[in-house]
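See structure below.
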Amino acid sequence: MPKPESFPIEKIFVPTKQKKAIKPEIVGEIAESMLEIGQQAPISVRHDGDRLVLVEGLHRLEACKALGETTILGVLVAAELAQHKPLLSEGPEVEAERIKMARLRKLRLEKEAAEASTSALKSVNETEAPRTRPTKGVRDNPKALPGRTAKSTPKTLSDWITQQKGSGGRY
């Protein structure tokens, strides 16, 4: 296998067919992984005249772009080899990487589920109308005493005394 080298990201052309396959969630996961442990697998590019064409590694390329990188590790493959993607060897390093990625994916899904649950509970609590209890006091409830109206409810003690004197009531 050719030795990985550094390629300027701006010089790599991504075919339209490949651009349609971009999955932002995968780009995000790879970008986080690159921040923690760096780029583990090189991309594959081939020459097409003066430019480089991406053969394999779209999400790694997009993750490097998202991180603001100007170069990316890659291997240059011949155009005829670009049609046949090489299989990764089944060594212990590859298996360890697969296990790690599966664990990271599981942790991310658990974290997103917990955040979604918390967010849903928060939005339900914010949209619930406050519960009020019925008013029980005479002063605040004009229906508590016959003949009372909301306008006749006294606001101060002296108003109440005056009202009681006017209605013949005792105080």
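Bear in mind that the values in this text are calculations on the coordinates, not laboratory data. Please read these numbers as outputs of a predicted model, since none were measured by experiment. Cβ atoms come from the backbone with ideal geometry, glycine included; neighbour counts cover every protein chain shown.
What is the local net charge at Thr71, summed over the other residues whose Cβ is closer than 12 Å to its Cβ (Lys, Arg +1; Asp, Glu -1)?
-1
Note down the relative contact order for region 25-78 as a percent, whole number, built from C-alpha pairs under 8 angstrom at least six residues apart.
42 percent
Taking 26 Å as the cut-off for C-alpha to C-alpha distance, list the pairs among Lys20/Lys122; Lys23/Lys100; Lys17/Lys65 that go past it.
Those over the limit are Lys20/Lys122.
Quick check: pseudo-label points 7 Å beyond the Cα along Cα→Cβ at Ala120 and Asp50, how many nm apart are they?
5.6 nm
Rounded, prolate or oblate, given the Cα gyration tensor of region 5-82, with a/c below 1.5 counting as rounded?
Note, shape of region 5-82 comes out prolate.
I'd like the FRET efficiency for Ser6 and Leu104, computed as 1/(1 + (r/R0)^6) with the beta carbon distance as r and R0 of 25 Å, rounded to 0.05.
Here the calculated transfer efficiency is 0.45.
Using amide H atoms built 1.01 Å from N in the peptide plane, name the residues 5+ places from Ile72, or on other chains, whose amide H lies under 5 Å from its own.
Phe7, Ile9
For Leu76 and Leu35, calculate 0.36 nm times their separation in residues minus their Cα-Cα distance, and state this gained length in nm to one decimal.
Stretched out fully, the Leu76 to Leu35 stretch lengthens by 12.3 nm.
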